[in-house]
Amino acid sequence: MKITVINGTMRHGSTWHCKDLLLEKISQLEETQVREFYLPKDMSDFCIGCFSCFLKGEDSCPHADQIRPIVAALEEADLVILTSSVYALDVTGSLKALLDHLCFMWISHRPNPKMFNTVGISFATTAGAGLAHTTKTMQNSLKFWGVKKRFVSKQAVAAMKWNDISEKKQHQIEREMVQLAKKATAAVANIEHSSAPLFRKIMFKVMRTMMKKKDWNPTDRNHWEANGWLSGTKPF
């Protein structure tokens, strides 16, 4: 199983330990190849809102050199894991900056067919509140990338450091990671036979209708045309 992990922080805190525990449990079930990115080290710039990725293509992004390796790893992955600690009731600024850069891959622009049979997990920990909003931010990107099967892990650890988490809570997290590993592994194994998400079907149909009429952004429209989606070819 090829796994791509995007760590929303470089800090090896509770989120990192939980993610590492999940990877360990998956590796006990399936042989894995893991590629990890750490933000902001591997993508240090904020989106400047220039619209170049939408209008001229992603290679025209002023930060394309940082974005290309991440997109390539996402394309190759069977399983994508997005992780973030809760910062101000949301994902880290570094992760949000990356997700902003990847909006060109949304179904509303130029969806990447290689994402359509991918499994995704959004993973968040917090010492207090904000888990729902934080995981929703990550889930929105997975959903609009067209990821076929998605899981969420929310951990309220009530501690600022992993070593400060109670032994009882650590055992609970380990049990949950065992179960999540089983679900994710099974989802990857059966991804070809699982049904497409209803949201993806509806959104794709709506966007295909709009793309047929779209003349203000040839880059997006040409992408849909090149994949045959405007002439009846169905990607899923």
Just the projected area, averaged over all directions, of the convex hull on the alpha carbon atoms of the chain: how many nm²?
12.6 nm²
If each K or R counts +1 and each D or E counts -1, the residues other than V86 whose Cβ falls under 14 Å of its Cβ total +3
Determine the per residue accessible area of the chain with all protein chains present and a 1.4 angstrom probe, expressed in square angstrom.
49 Å²
Region 68-180 - Rg (one decimal) and Dmax (whole number), Cα, Å:
15.0, 46
Summarise the accessible area of region 1-77 (1.4 Å probe, protein heavy atoms) by the percent that is carbon and sulfur.
50 percent
Around D215, under 13 Å between beta carbons, what's the net of Lys plus Arg minus Asp minus Glu among the other residues?
+2
For region 112-162, averaging the sequence separation of alpha carbon pairs under 8 Å that lie six or more residues apart and dividing by its residue count, the contact order in percent is 51 percent
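Kindly work out what percent of the DSSP beta bridges joining two residues of region 1-105 are antiparallel, to the nearest 5.
10 percent
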Along the Cα→Cβ direction, 7 angstrom out, place labels at N163 and D65. What is the inter-label distance in nm?
3.9 nm
Computed, not fitted: 222 nm per-residue ellipticity of the chain from DSSP H runs ≥ 4 (each -39500 (n - 2.57)), nearest 500, equal to -13500 deg cm²/dmol
Rounded to the nearest 10 degrees, the helix 167-189 long axis (Cα) sits at an angle to the longest Cα principal axis of the chain of 30 degrees
Rounding to the nearest 10 and keeping the result within 0 to 90°, find how far the Cα-based axis of helix 64-76 lies from the longest principal axis of the chain.
80 degrees
Cα-projected label distance for A196 with K213, points at 7 Å along beta-carbon direction, nm:
2.1 nm
Roughly what would the spin-label model give for L89 and T233, points 7 Å off Cα along C-beta, in nm?
4.5 nm
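Scale the Cα Rg of region 179-236 by the rule-of-thumb value 2.2 N^0.38 Å and send over the ratio, two decimals.
Taking the Cα Rg and dividing by 2.2 N^0.38 Å, one obtains 1.51.
About the Cα centre of region 72-169, what is the dipole size in debye to 20, counting +1 per Lys and Arg Cβ and -1 per Asp and Glu Cβ, all else neutral?
My answer is approximately 300 debye.
The values are calculated or read from the model by the stated rules, or taken from the named source; none is laboratory data. Quantities reported herein were computed from a predicted structural model and do not represent experimental measurements. Backbone-built Cβ (ideal geometry, glycine too); neighbour counts: all protein chains shown. We work out accessible area using only protein heavy atoms, side chains counted, and drop any ligands, DNA or RNA first. Shrake-Rupley method; radii C 1.70, N 1.55, O 1.52, S 1.80 Å.
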